[in-house]
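The values are calculated or read from the model by the stated rules, or taken from the named source; none is laboratory data. None of these values were measured; they are calculated from a predicted model. Heads up, the Cβs are rebuilt from the backbone with ideal geometry, glycines too, and the neighbour counts pull from every protein chain shown. Ligands, DNA and RNA are excluded from the accessible area calculation, which covers all protein heavy atoms including side chains. Shrake-Rupley method; radii C 1.70, N 1.55, O 1.52, S 1.80 Å.
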Amino acid sequence: MKHLTFLFVFTILNFALCIPIEEYNELVKIRTNYQLESKFPTEPYEFCLDNPYFICRGEILGQMTLTGNIEGTSIPPNLTVFSSLTAIKLLNIPMGDFLDSYIQIHQTEVSIQCENCGISVLPSLQYRLNISLLILINNPLNPETYEISTFPSAFTLVIINTDIQFQNNWVTFVNDLVSPKQFFIFKLMVDSDFSPNFITSTSVTFQIPSTLPIPIDLQNLLLPFYALVNNNVEVFSLSLTTNTYQFPYIGKIGNVVFNNINFVTTSTITLGYNTFLNTIVIQNSPNFNINGKIPFENFAPSVLALSLNNLSISEYPGLPLNIVDVNFSGNNFTSLPRFSAINSNILFLNLSNNKIQGTLSAEYCKFKVDLSNNQFTGQLPSCLLCYVNHQSTKILIKGNQFSNYNDNDTTYPPCNSVINLTSNFTKLTMDSIYQNYYGTFIDPPRDSNQFVTSPLIDKSYHKVMLHNQTIWISGTNLWLQNLEQLGYFNLTILSTTPVTFKIPFVPDKSIILYHISYVPVYNGYEFSMTGINLGNSTTTTIKLNNEFICFIYPTQGSSNSLSCLVNTFEIPEKTYTVNVTNGNHIGYISVRFRKSFPIISAIVPAGSEGGESIIYGYFGVNLTVLEITVNYNPCPIISAFSSNITFVVKPDEGLPRYLLILKVQGLTTKDYYIYRDNIKCPDCGQHGSCNNFGTCVCKDGYAGPLCNFLISNSSVIINENSTTISNDKTKFEISLLTIKEMSYNQSVIYDLPIKGKFKLTAKPNDNTWTYTFKPNGTETVISYTIYKVPQDMNITFAGVEMALKKDDIKISVNIKKWEFQSALHTLQLTMGTNIQSDSQCTTSINSYQNNIDTIDYFTIEQEGKVFYGKFIDQMLSDGKPTYSSTKVLSKTDSEVIVGISMPHCIDECILDPNMSVLINPSDGCSNNSSSKKWIIPTVVVLSVVVGIALISLLVYKLKRGGFIYLSSHGRLHMFGKSIQLKKINKNGV
């Protein structure tokens, strides 16, 4: 029989309303229908008095527990009238399928338990946010299927069928997750025919019967979790299993617990393969050892906690490098481990319930150690003896024969060894808003209950760090204010002989600023800052470079935050030093000021006939003064919002592009406006056809812009700096060179070199490599990601369906959080392609430039091998298609460098230049046009993202195509190019 349990926590909400009249009337009906007259004899009925049926918070009904007759014929209550219930428990009441109707109306979070309630279907998934816990016991559930991805985060489902008549009433859960869901906790009772193929979880518990006719296949049980990093898996039985088991492979599971599982083994087991393993716990498996040694050969350095309890081991194992928690209780150890072999990171060591003899070294004072129920003799070290007046210390040393301490002692020896070595308060920093006390001691307290302070502070603010003999006290504002008045505090160590230390306190009044931001408001810019000792509007002044006074709002101001107003829009864009003066103290913070509106991030143009257009970006909250011109012609405004403006343009006058000027509240920005062209199809020949995006879709093994090339094999080398495509002795290397921030007149404001700066930072699976570069002093992160397709798959990009083959490669570049120096600035990505060859042939570099000063493609040709770079004049800016230009910046006999423009994107920019290599296998340096040309199928897909990280194979819906990717099998794939392939002849040049 299968028992399925999902385990979560629910929150009880508080309401301050009396029971509404409709709820009271329904309770009166329940009183009658469930024979509760003797419990509530007199009107008005006090349903909130102490009783097992209704639990109230004040006069608010919060919980209801009802039991119907054994026949299940009781009249079901109308639960939809109760607005404040947080817990419902029903037994033997024919509720039917009430869940949907109830939770659609019920607005508070509720837990529901229904046993033998006649429920046949689970509630609709979209309403489950109102249920934190749903327990269904012995209900006739229909055998329906549910997808795990549709479960909300705050939902727990428990299904238990113990009645034989419901043994086949189980729902099925399908694992449709692409990645593990981070909030599910499962608990399952399983037997030998259980298959867990539907589960993907971050925490799962399997309960195994102690005796089964056929043992469970643990390997199969854990199979769904092998690839899910940092899962928590527990397998337990209520008593030691009579069946024996082999220890299973645990994949990438992060925390694994086995309790009462009778493991056996005759050979060592390695766990070093699991570099994600943090915790391993094996409890009560007395046969799981090899001649007294643990059966594990090694552990990965990631292991932080190891618990091997009651395994009959008698020889200490080697410990993982970073381990902090070790539990070897209930074994057969007869001596302490050599202290030099104990990792210095250990915070807790449990050696209780062994057979350890001899004396205890004071070296074991440096961490919390449980030595109870052993055979120790000799002197108990003073670090423990001083605190035997506390139960928390007694339980760690009981059951031994120390010469200076007995478990039954009622009087304790004096303690004279506690010495205060140092006492300090932390300096205020960005990470420490409050001043905290720390002091080092000889024989310090063993835990936070063994000392007190005066003025008193709650023990929850106490901390003891035994490894460095330190007491730490977190100082709240109120406590520090008391200390400031007194100039000291008393620290009393509650040893067997209490000792008090007087700790001087001098408050730190220095000003520290750790964050500043600004936003435009109706009459200027409002600056907000957080920090320490900032003062308030009556004590503090704020200036920007001594050029602008920032007026603190009269009613605003606290010690840790301030807001102020610079009442002008005419603040030059540059870096300012903000001076905050509070009394005799001055704090400084730098801020790069950039006008935050208006910013145009994308333009959706009209056709040549004119009409409605939309600009996207950020335009402020006050749009009462707004003007748009295109080619200096005023454009009527249809609608205006802070993120988009709709307006009307006149018909196209025949120019390639026009100047768009936007003015908001006297602030101006400019951009290019290009009318939307009609898409025209190239001649795709007999091996292809033109799609709706003006792109050739090829067939019959052909590829290329005009489907006139066949596919051939070549080699690819991809690393953090470049992608190299080679054929014979000719190599083409593609590199990302720089990212430039450009002014409106296209002068370079900032040039960031990026070639050679990337380092491998992530390899989340066998198919993905990510290289990252973070420029110093900024929040910008640039990453270079390579994705190798693990299996054949179909995807859709820009409305075009594509088939990706196993081992195809996709390359992406991701730029996050670019810090523009001005709202008028844009970006330019520069790419270089060079040829490396021993050939004496002349290199030919050509480009095709259309009539609006942007290239469609360029070629580099030598000895019949042609590198072909294809560009489109559209891109995504903050999710919207807009104009992008590509220019040849320089070229030599062996290299061409292009620059790809991006607008001022608020969140993200996405570009899609495409690269391929063609080959003309003619003799020598000739260009025999009749020779058959081949495509070397080594192709780069390049995407540049500013803002949100680009997920591999994410589909963007555009009004154009543009996707090329590389196959190691020698296949070139080109799909959906919306750019018009002008002036490309049938030979592809």
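Some notes on this structure:
- Look at where the Cα atoms of the range 498-523 and of the range 384-420 average out, and the two centres are 42 Å apart.
- Area of THR541 that stays accessible when all protein chains are in place (1.4 Å probe, Å², to 10): 80 Å²
- Accessible area, probe 1.4 Å, largest first, for residues ILE19, ILE250, ILE637: ILE637, ILE19, ILE250
- Where a label projected 7 Å from the Cα of GLN379 along Cα→Cβ would reach, residues of the range 434-477 with amide N under 12 Å: none
- Per-peptide packing, taken as the mean over residues of other Cβ atoms within 10 Å, places 279-291, 574-586 in the sequence 279-291, 574-586 from highest down.
- Protein-only accessible surface at a 1.4 angstrom probe places the residues LEU494, LEU136, LEU321 in the order LEU321, LEU494, LEU136, largest first.
- Per-residue SASA entry for CYS48, accessible area with 1.4 Å probe, Å² rounded to 10: 40 Å²
- Of the solvent-accessible surface of the range 427-536, computed with a 1.4 Å probe over protein heavy atoms with every protein chain present, carbon and sulfur atoms account for 55 percent.
- With a cut-off of 13 Å between beta carbons, the residues surrounding THR492 carry a summed charge of +2, where Lys and Arg count +1 and Asp and Glu -1.
- About the centre of its Cα atoms, the range 408-537 shows a dipole size close to 140 debye [charges on the beta carbon of Lys, Arg (+1) and Asp, Glu (-1) only; nearest 20 debye].
- Count Lys and Arg as plus one, Asp and Glu as minus one, and take only other residues whose Cβ is under 13 Å from that of ILE552; the net charge is then 0.
- For the range 295-385, applying the loop criterion from DSSP together with a ceiling of 11 other beta carbons within 10 Å to the trypsin sites (Lys or Arg not before Pro) yields ARG338.
- Two-site FRET efficiency, TYR488 against ASP163, from Cβ-Cβ distance with R₀ of 56 Å, rounded to 0.05: 0.20
- In the range 599-673, the C-alpha radius of gyration followed by the widest Cα-Cα span (Dmax) gives 11.5, 36 angstrom.
- Most to least accessible of SER382, SER884 (protein chains only, probe 1.4 Å): SER382, SER884
- Label separation (ALA640 vs TYR249): 6.6 nm, computed from points 7 Å beyond Cα along the C-beta direction.
- Distant-in-sequence amide contacts of PHE376, defined by a placed amide H-H separation under 5 Å and a gap of 5 or more residues or a different chain, comprise GLN401.
- Gain on full extension, evaluated as 0.36 nm per residue between LEU456 and ASN560 minus their Cα-Cα distance, stands at 35.0 nm.
- Computing FRET efficiency as 1/(1 + (r/R0)^6) for HIS585 and THR32, where r is the C-beta to C-beta distance and R0 is 60 Å, gives about 0.25.
- Fully extended contour minus Cα-Cα distance, from GLU144 to THR242, at 0.36 nm per residue: 31.7 nm
- Accessible surface of ILE164, taken over heavy atoms with a 1.4 Å probe and every protein chain present, rounds to 120 Å².
- The chymotrypsin sites (Phe, Trp or Tyr not before Pro) found in the range 584-664 that occupy coil by DSSP, while having at most 15 further C-beta atoms within 10 Å, are TYR632, PHE641.
- Two-site label geometry, THR624 and THR270: point separation in nm, points 7 Å out along Cα→Cβ: 7.5 nm
- Other-chain or far-sequence residues with amide H under 5 Å of SER132's (modelled H): VAL110, SER111
- Additional length obtainable on full extension of the chain from LEU421 to LEU889, 0.36 nm per residue less Cα span: 161.7 nm
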